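Asker: The structure under discussion is supplied below as structure tokens; questions concerning it will follow.
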């Protein structure tokens, strides 16, 4: 145990799984990397705690391998009943720290602490003390009365109060600026800001809301009158607001007002049972049309175009609506293709999505939809083909008429030649 290596603030994150070596993937905030401070092969005590899976943890003795990973040599205690933990996927934190085992094996009596006895020998000699000789009325101590006015005092009902507006009720509710808080913590005032400020730039700070000891509590932000503001940073990429659910970033608002999906082409805006009523935009949607992102590129089959020719555009009103609309009916598009043995879902034209949970009769409800950009493309292809066919017919007619005119011109000349 005397050959153990100790160092302060050594900690890294990891996503390693299983029973093997633990990869070290970068220092956590306010800490240093293992490989920069711990010699390879030198033994040290470590602790691993799960962030994604908080029930997984391990304390033991280990050493760094030549490639900078943690080799778990001896396990002192763990969530696997003292055995090596078979870690599952998810973020974890690894730190260098003396274990409870080390402290239990290293008792220190006074004689083993260098210089302590001589320091004790030189302490002040025992003397006498008389309380009566040390009486000081409050009024004689400058400023003490004013300071005592700001101290917490307890009344007969068990409530603690101070002259600064800080109150704790007998039931443990805290009020700042109010004598009778209804919630666990209430802050009242003209501009009752609660500020958390990290003293180190780029370090994190703020508030965490937990339920059952983990970060799973529901949080309500209310602005009954006026506006609710969420502010982050200055006008640069670091001043963004991230929205995170299920352990992953889902949406970002940057300092310039841009709204982004956190993961490319994996998230939806609304769904069949939760639609936006209208979208107001200054320009149209931009769809990916990069050839590098496509495969099986080829001519649209005539059977598709023939089926689309059977589709009829309609006018209609939505149920509960007053305005007339012009467009297509998804089920009728599907039927037109099905009549020719084609699947309008596989062509990308039709959609049918669940709009809620199974009802009391065990039936699942669906809503039909169309990808109108695909429909317009089919309409354009059908019109192109029809225009080409009409052009070919017109050219054939004009060719026949030209031949007839030429024949009529030749007939008088032939009659004159016979005369």
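The values are calculated or read from the model by the stated rules, or taken from the named source; none is laboratory data. What you see is a predicted model; the values in this text were computed from it and never measured. Glycine gets a Cβ as well: all are built from the backbone with ideal geometry, and neighbour counts include every protein chain shown.
Asker: Out of the residues in segment 78-98 meeting the condition of being without any contact (Cβ under 8 Å) to a residue 24 or more places away in the chain and surrounded by fewer than 16 Cβ atoms within 10 Å (Cβ to Cβ), tell me which one is nearest to the chain's Cα centre (by Cα).
Answerer: 80
Asker: Could you list, in sequence order, the residues of segment 30-58 that are more than 15 Å from residue 10 (Cα to Cα) and without any contact (Cβ under 8 Å) to a residue 60 or more places away in the chain?
Answerer: Residues of segment 30-58 that are more than 15 Å from residue 10 (Cα to Cα), as a first pass: 41, 50-58.
Those that are more than 15 Å from residue 10 (Cα to Cα) and without any contact (Cβ under 8 Å) to a residue 60 or more places away in the chain: 41, 50, 51, 53, 55, 56, 57, 58.
Asker: In segment 309-321, which residues are within 23 Å of residue 387 (Cα to Cα) and in a loop (DSSP other than H, G, I, E, B)? Quick ask: steps written out before the conclusion?
Answerer: If we filter segment 309-321 for residues that are within 23 Å of residue 387 (Cα to Cα), which is where we start, we get 309-314.
Passing the criteria: 310, 311, 312, 313.
Asker: Moving on to the next point. Quick check: is even one residue across segment 252-268 within 18 Å of residue 378 (Cα to Cα) and not in a loop (DSSP other than H, G, I, E, B)? Walk me through how you get there before you give the answer.
Answerer: Within segment 252-268, the first condition is being within 18 Å of residue 378 (Cα to Cα), and the residues that meet it are none.
No: segment 252-268 contains no residue that is within 18 Å of residue 378 (Cα to Cα) and not in a loop (DSSP other than H, G, I, E, B).
Asker: Keeping to segment 6-18, report how many residues are surrounded by fewer than 19 Cβ atoms within 10 Å (Cβ to Cβ), in contact with a strand residue (DSSP E or B) (Cβ under 8 Å, 6 or more places away or on another chain) and under 21 Å from residue 101 (Cα atoms).
Answerer: Of the residues in segment 6-18, 3 are surrounded by fewer than 19 Cβ atoms within 10 Å (Cβ to Cβ), in contact with a strand residue (DSSP E or B) (Cβ under 8 Å, 6 or more places away or on another chain) and under 21 Å from residue 101 (Cα atoms).
Condition check ((1) surrounded by 14 or more Cβ atoms within 10 Å (Cβ to Cβ); (2) over 20 Å from residue 277 (Cβ atoms); (3) free of Cβ contacts under 8 Å to residues at least 24 places away in the same chain) across all residues:
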| position | (1), (2), (3) |
| --- | --- |
| 320 | no, no, yes |
| 323 | no, no, yes |
| 346 | no, yes, yes |
| 349 | yes, yes, no |
| 356 | no, no, no |
| 362 | no, yes, yes |
| 368 | yes, no, no |
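Asker: A follow-up question, please. Would you mind stating whether residue 341 is loosely packed, with under 11 Cβ neighbours inside 10 Å, over 14 Å from residue 370 (Cβ atoms), out of contact with any strand residue (DSSP E or B) (no Cβ under 7 Å at 6 or more places or on another chain) and in the same structural domain as residue 374 (by TED's automatic domain parsing)? Explain how you work it out, then say what you get.
Answerer: Numbers: loosely packed, with under 11 Cβ neighbours inside 10 Å: yes; over 14 Å from residue 370 (Cβ atoms): yes; out of contact with any strand residue (DSSP E or B) (no Cβ under 7 Å at 6 or more places or on another chain): yes; in the same structural domain as residue 374 (by TED's automatic domain parsing): yes.
Against the criterion (loosely packed, with under 11 Cβ neighbours inside 10 Å, over 14 Å from residue 370 (Cβ atoms), out of contact with any strand residue (DSSP E or B) (no Cβ under 7 Å at 6 or more places or on another chain) and in the same structural domain as residue 374 (by TED's automatic domain parsing)), residue 341 qualifies.
Asker: Let me ask something else about it. Go through (1) out of contact with any helix residue (DSSP H, G or I) (no Cβ under 6 Å at 6 or more places or on another chain); (2) within 15 Å of residue 97 (Cβ to Cβ); (3) not in a loop (DSSP other than H, G, I, E, B) for residue 76 and report which single condition fails.
Answerer: Answer for residue 76: the failing condition is (1).
Asker: Within segment 19-30, is even one residue in a loop (DSSP other than H, G, I, E, B), over 30 Å from residue 246 (Cα atoms), modelled with pLDDT of 90 or more and touching a strand residue (DSSP E or B) at 6+ places or on another chain (Cβ under 7 Å)?
Answerer: no
Asker: Could you check, for segment 322-336, whether at least one of its residues is under 28 Å from residue 264 (Cβ atoms) and not in a helix (DSSP H, G or I)?
Answerer: No, every residue in segment 322-336 fails to be under 28 Å from residue 264 (Cβ atoms) and not in a helix (DSSP H, G or I).
Asker: Would you be able to say whether some residue in segment 288-308 is in contact with a helix residue (DSSP H, G or I) (Cβ under 8 Å, 6 or more places away or on another chain) and part of a loop (DSSP other than H, G, I, E, B)?
Answerer: yes
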